[in-house]
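Only one structure is covered here, and it is reproduced in the block below.
Each value in this text was obtained by applying a stated rule to the coordinates, not by laboratory testing. Since the structure is predicted, the reported quantities are computational estimates derived from the model, not experimental observations. Don't worry about glycine lacking a Cβ; one is built from the backbone with ideal geometry, like all the others, and counts go over all protein chains shown.
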Amino acid sequence: MILTLRPSSVTIFLLLMRLVSQWSYIVLTLDFFCGMRACEIKAVQWKHISWEQRKLSIRRSKTPAGWRDPSLNDTCLEALRELHGRASALGFADPDH
C-alpha cells in the first residue's frame, strides 16, 4: 500500500520539521520538491545553485543519465537562502563549499 500526503499535510510536516531541526527541514524540502536523494543533497555546493534561474544542478550520479536540473520553488529557495545566510555568517559561503 502506498500512502500519499495531501499538500496541506506536507506543509504542516515541513513546518514541524523546521521547528525541530533546520537540517532535517532542508533535506526534506529538497527531497519532497526536487526528488533529490540523500547522497545528492550531501553533495550540493553553492555553485550548483542558480538563484536567478531558480534551478539546482545535480551531477552526483554514476552516469550522465542521472544528471538533472530541477526547478526550485519558493519553499526550496527560502530554505537554501536561509542556509546560505547562516553559512555566510560562519565563513562557509564559498562556491565550492
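For the structure I just gave you, tell me whether LEU83 is of a type outside the set (Lys, Arg) and surrounded by 13 or more Cβ atoms within 10 Å (Cβ to Cβ). So LEU83 fits the description; yes. Residue pairs whose Cβ atoms lie under 7 Å apart, separated by 6 or more positions or on different chains, with the first residue in region 12-28 and among the small types (Gly, Ala, Ser) and the second part of a helix (DSSP H, G or I), are SER24/MET17.
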